[in-house]
Amino acid sequence: MSQEEITNTHEEAVVTEAHVEVDSHGAATSDESLAASLGLNGQLFAFQLLNFAVVAAILWFLILKPLSKVLEERKKVINESLDKAKQVDTNLQMSEQKYQEKLDIAKVEANKIIEKASEQADQLAGDMKQKAKGEIELLIEQAKKNINIEKDEVMAGVKKETANLIVAAVEKIMNEKLDDTKDKALIEDTLKKLEV
């Protein structure tokens, strides 16, 4: 109840008391007979009304007004908390957006690194193939040289063995030993015939 309502109630009680006093001094009215038939006492009703107004004023000033003030403060705190929650939610969304952007940038950079590594691997593989090819060609060339050297050595050995066999065969046929110059001329002549 507001202060105005209490004042209005109090004024009505005073008016009612005045009305009852006028009626008690004057002739009996129909209102009094009606109130008397219901068992209402006007003076007691006025005091009860005044008592109610006092209790209502005490309740208003001591309980309801501080309670409404506390409720307003709570409402203010709740609204501030909701605003802070909205701000935190906004900050969280911004953080998630920034995180996603950085993640996208990191993915792009990772793809670039992977592409670069792939290109370097391809280039390295090509270089290694060229190097291996060069080494293989070098080994083949060296093997050919070694084969030619061995071939020459084998041919020299074969020629020597062939010459010895020819000398041995000729000695048997002739049953005589030739001298060194004749041996050499006979061997060279036989080898020339074998080469053709």
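The values are calculated or read from the model by the stated rules, or taken from the named source; none is laboratory data. This is a predicted model, so every value here is computed, not measured. Methodologically, a virtual Cβ is constructed for each residue, glycine included, from the backbone with ideal geometry; neighbour enumeration extends over all protein chains shown. In case anyone asks, the SASA skips ligands and DNA or RNA and just uses the protein heavy atoms, side chains included. Shrake-Rupley method; radii C 1.70, N 1.55, O 1.52, S 1.80 Å.
Being touching a residue at least 40 places away in the same chain (Cβ under 8 Å) and either open to solvent by 70 Å² or more (accessible area, probe 1.4 Å) or among the polar types (S, T, N, Q) (or both) is a condition met by no residue of segment 86-105. If you check residue 166 against the conditions, is it at pLDDT below 85, in a helix (DSSP H, G or I) and among the β-branched types (Val, Ile, Thr)? In short, yes. So is residue 84 in a helix (DSSP H, G or I) and modelled with pLDDT of 90 or more or not? It is true that residue 84 is in a helix (DSSP H, G or I) and modelled with pLDDT of 90 or more.
Checked against the criterion of being open to solvent by 100 Å² or more (accessible area, probe 1.4 Å) and modelled with pLDDT under 75, the candidates 151, 145, 192, 172 yield just one match: 172. Under the condition of being open to solvent by less than 70 Å² (accessible area, probe 1.4 Å) and of a type in the set (A, V, I, L, M, F, W, C), the residues counted in segment 37-53 number 4.
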